[in-house]
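In what follows, a structure is listed as structure tokens, so that the remarks can point back to it.
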Amino acid sequence: VFVADTKNDRIQTFNAQGDVLNILNLQDKLGTRAAPVSIAMNPVTKWMYVADTLNDKVFVMDPLGAVLKTIGAHGNMPGQFNQPNGLTLGSNGKLYVADTNNSRIQIFSADGSYLNQITSSAIKHPLGMALGRNNEVYVTGQDADGVLKFDASGNYLGMLVPSGSTLKQAHDVAVEPD
């Protein structure tokens, strides 16, 4: 179990019993303070992707915490971030990043190369996302009262609103596997 310990600038690793296995102090690794908020694991490469909202970057790390690559910098151009938050990996190896203050989802290859982005007037400050079985993208955000749904090409399909309930700043979403 990998945990983004935001206020302590670190990633903590636990076993199923809750015993601490490892603590990756990101300030030591990066030479600067960090605010890790989300982690995605690549099951093939065993790489860990860590969203850092303080430095507006995503770090690609090996299982021991060595930084292999840095994705992004502060800005609003493709491949740049303004508070990256949620991360998810597609079955195709693509990395999806909720670029919160740029109100978009950015898509990168497994090696961190910028590929594309999902933009829509419906996306306002996205926080988390998940992929459906056909690579549909489900997005939550600060300003959404439901879950936004996009097809695999990034076309907006509508908002899912819970019947008889409301959502207020839903931070993340998961999709049940088949």
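The values are calculated or read from the model by the stated rules, or taken from the named source; none is laboratory data. Keep in mind the model is a prediction, meaning the values are calculated, not measured. All Cβ positions, glycine included, derive from the backbone under ideal geometry; neighbour counts span all protein chains shown. Surface areas here come from the heavy atoms of the whole protein model, side chains and all, with no ligands, DNA or RNA. Shrake-Rupley method; radii C 1.70, N 1.55, O 1.52, S 1.80 Å.
Residue pairs whose Cβ atoms lie under 7 Å apart, sitting 6 or more positions apart in sequence or on different chains, and linking a residue in region 3-24 that is in contact (Cβ under 8 Å) with a residue 24 or more places away in the chain to a partner that is among the charged types (D, E, K, R) and assigned to a strand (DSSP E or B), are ILE11/ASP5; LEU24/ARG10.
Among the residues of region 108-139, the ones that are open to solvent by 20 Å² or more (accessible area, probe 1.4 Å) and within 22 Å of THR45 (Cβ to Cβ) come to 9 in all.
When THR13, THR88, THR70 are checked against the criterion of being outside any loop (DSSP other than H, G, I, E, B), modelled with pLDDT of 90 or more, open to solvent by less than 70 Å² (accessible area, probe 1.4 Å) and more than 18 Å from MET129 (Cα to Cα), a single residue qualifies: THR70.
Evaluate the following for LEU167: is it in contact with a Ser or Thr (Cβ under 9 Å, 6 or more places away or on another chain) and in a strand (DSSP E or B)? Taking the combined requirement at face value, the residue does not satisfy it. Would you check if LYS46 is open to solvent by 10 Å² or more (accessible area, probe 1.4 Å) and either under 11 Å from the mean Cα position of the chain (by Cα) or within 24 Å of PRO177 (Cβ to Cβ) (or both)? It is true that LYS46 is open to solvent by 10 Å² or more (accessible area, probe 1.4 Å) and either under 11 Å from the mean Cα position of the chain (by Cα) or within 24 Å of PRO177 (Cβ to Cβ) (or both). Could you list all residues from region 140-159 that are exposed (fewer than 14 other Cβ atoms within 10 Å of the Cβ) and not in a loop (DSSP other than H, G, I, E, B)? Across region 140-159, the qualifying residues are LEU157, GLY158. A single entry from ASN101, ASN42, ASN82 fulfils the requirement of being under 22 Å from TYR138 (Cα atoms) and in contact (Cβ under 8 Å) with a residue 60 or more places away in the chain: ASN42. Taking the criterion of being crowded, with 20+ Cβ neighbours inside 10 Å and under 19 Å from ASP172 (Cβ atoms), the residues of region 16-39 that qualify are PRO36, VAL37, SER38.
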